[in-house]
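Asks: What follows is a single structure, and I will ask about it in a moment.
The values are calculated or read from the model by the stated rules, or taken from the named source; none is laboratory data. This structure is a prediction, so every number in the text was calculated from the model and none was measured. Positions of Cβ are generated from backbone atoms using ideal geometry, with glycine treated the same way; all protein chains shown enter the neighbour counts. SASA here: full protein model, heavy atoms, side chains in, ligands and nucleic acids out. Shrake-Rupley method; radii C 1.70, N 1.55, O 1.52, S 1.80 Å.
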Amino acid sequence: MMTSQQNERLTRVAPGTPAGELLRRYWQPVCSVAELTEEKPKLRVRIMCEDLVVFRDGSGEIGVVSEHCAHRGASLYYGFVEEDGLRCPYHGWKYDRSGKCLETPFEPKDSPICKEVRLKSYPVQTLAGLIFIYMGPNPEEAPLLPRWDVLVRTDGKRRIQIRPQHRCNWLQVQENTVDVVHTYYLHGHMNEVHKLGLNGAEYYYRPIVRFDWSVCDWGIEKVLEYGGNKPEIEIRPPLIFPNILRIPAGPVESIHWRVPIDDVNTRIVWLGFLPSKDGSFVMSEDEVPEFDYADDGLTGDGEYDLQNFNSHDQMACETQGPVFDRSQEYLGVTDRGIVMFRRMLEEQ
């Protein structure tokens, strides 16, 4: 059981908060390259309580800057994309991809404003059709963007999906990653009771006789031993620290980023990789994959539809509340991996 103060440390993500500063030291995906089109070269995003605009300037380069003009705060999302930057729709102040102010129309030519004004901006890299930003200190010393297997393999086809926005804190979503036994009831039993006919649900609907966790190079490894008629030792892909799930979904190898929008909302960016049957080349890491938005996981009356694994997980995470009060929980031996992850976060 955690104290309320410990819970605050691990859940709040605004600038200057412990968890927020930790997450800012890792590259985070903000959107798909496919979301920036010739007709719509700008995208408004909110990440870790910061409002940003992603844009492709007239030269084709991508920038990520603070959404609000330094002049009087109007939204640059409604601004004008030009060859060398983004011009505010209110008074025409213009900024380049680095946030540098290029023009301040109607101000005296010798005004020092242009030299003094700079929007917050973040380093940008693209990989596997995703746009990543680094929000940590000393951007010139940003770490390498990790080249996880599904991002760079060429023997298959990639697809990107933005999953439904989860109306809860990021830690609830990520803790589900290291919760190894929930799959029996939440997915296997749910499928059986409601006769959902979900592919793969029967895999989880087997007696669990042993479970264990261990620290590995990337985060936390998870091991389950199944009994019954189909005994098996399953070594699940690790929880990748701090906010990534790497997991197979049938023949598709997938990776999820759980990116905090703010303290009570989380964006899930999903990338799936389907290997070719013969190992032949299909697409390079530079090609832009197919992209779509997933349904919101709700029925017409606002209930969870529970027709797929994603909706099961969304229900479990969101119904804990916007920010789960961990000072009120009762943990068991099945939660040792969750305790391990929390300690890892606290240490880092």
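Asks: Not counting the cut sites, what is the longest span of the chain without trypsin sites (Lys or Arg not before Pro) that DSSP labels loop and that have at most 13 other Cβ atoms within 10 Å?
Replies: So the longest stretch without any such site is 196-276.
Asks: Turning to a different aspect of this structure: Arrange the residues VAL252, VAL282 by how much accessible surface each exposes, largest first, with a 1.4 angstrom probe.
Replies: Most to least solvent-accessible, the answer reads VAL282, VAL252.
Asks: LYS40: which lysines have alpha carbons under 25 Å from its alpha carbon, excluding same-chain residues fewer than 8 sequence positions away?
Replies: Qualifying lysines at Cα under 25 Å: LYS94, LYS100, LYS120.
Asks: To the nearest 20 debye, what charge dipole does the range 69-153 have about its Cα centre, counting +1 at the Cβ of each Lys and Arg and -1 at the Cβ of each Asp and Glu?
Replies: 180
Asks: Loop-only chymotrypsin sites (Phe, Trp or Tyr not before Pro) in the range 270-320, please: DSSP not H, G, I, E or B, and at most 14 other Cβ atoms within 10 Å.
Replies: Taking the range 270-320 and a limit of 14 other Cβ atoms within 10 Å, the loop chymotrypsin sites (Phe, Trp or Tyr not before Pro) found are PHE281.
Asks: For the chain, what number results from the quotient of the Cα radius of gyration and 2.2 N^0.38 Å?
Replies: 1.09
Asks: Okay, next question. In deg cm²/dmol and to the nearest 500, what is the mean residue ellipticity at 222 nm of the chain if only DSSP H runs of at least 4 residues count, each as -39500 (n - 2.57), divided by the residue total?
Replies: Result for the chain: -4500 deg cm²/dmol, rounded to the nearest 500.
Asks: Right, here's the next one. Kindly state, as a whole number, the per residue volume in cubic angstrom of the convex hull around the alpha carbon atoms of the range 28-90.
Replies: 78
Asks: Still on this structure, I have one more. At most 11 other Cβ atoms within 10 Å and a DSSP loop assignment: could you name the chymotrypsin sites (Phe, Trp or Tyr not before Pro) in the range 105-146 that fit?
Replies: Sparse-neighbourhood loop chymotrypsin sites (Phe, Trp or Tyr not before Pro): PHE106.
Asks: Can you work out the accessible area per residue across the range 1-57, with the rest of the protein chains kept in place, probe 1.4 Å, in square angstrom?
Replies: In whole numbers, the range 1-57 has 42 Å² accessible per residue.
Asks: Here's a follow-up. What does the C-alpha gyration tensor say about the overall shape of the range 1-131? Classify as rounded when a/c is under 1.5, otherwise prolate if a/b is larger than b/c, or oblate.
Replies: oblate
Asks: So with the 1.4 Å probe, I'd like the accessible area per residue for the range 97-158, rounded to whole Å².
Replies: 58
Asks: Of the candidates GLU287, GLU175, GLU253, which one comes out as most mobile in a Gaussian network treatment of the chain with C-alpha springs shorter than 10 Å?
Replies: GLU287
Asks: Roughly to the nearest percent, how much of the accessible area of the chain is carbon and sulfur, given a 1.4 Å probe?
Replies: Ligands and nucleic acids excluded, carbon and sulfur reach 51 percent.
Asks: While we're here: At what distance in nm do the modelled label points of ASP325 and LEU196 sit from each other, each positioned 7 Å from its Cα along Cα→Cβ?
Replies: About 3.0 nm separates the two model spin labels.
Asks: If I build a Gaussian network model for the chain, linking alpha-carbon pairs within less than 10 angstrom, which residue out of SER214, SER32, SER121 has the largest mean-square fluctuation?
Replies: In this elastic network of the chain, the residue with the biggest mean-square fluctuation among SER214, SER32, SER121 is SER214.
Asks: Of CYS31, CYS317, CYS88, which has the largest mean-square fluctuation in a 10 Å C-alpha GNM of the chain?
Replies: CYS88
Asks: Taking only protein heavy atoms and a 1.4 Å probe, what accessible area per residue, in Å², does the range 199-290 have with all protein chains in place?
Replies: Spelled out: the 1.4 Å probe surface of the range 199-290, per residue, equals 49 Å².
Asks: If you don't mind, another one. From the Cα gyration tensor of the range 117-219, with a ≥ b ≥ c the square roots of its eigenvalues, which class applies: rounded if a/c is under 1.5, or else prolate if a/b is larger than b/c, or else oblate?
Replies: It is prolate, given that a/c is not under 1.5 and a/b is the larger ratio.
Asks: Shifting gears a bit: What ranking of THR126, THR177, THR154 comes out by heavy-atom accessible area, probe 1.4 Å, highest first?
Replies: THR126, THR154, THR177
Asks: Which of rounded, prolate or oblate describes the range 66-147 when judged by the alpha-carbon gyration tensor and an a/c cut-off of 1.5?
Replies: Prolate is the answer for the range 66-147, as a/c is 1.5 or above and a/b outweighs b/c.
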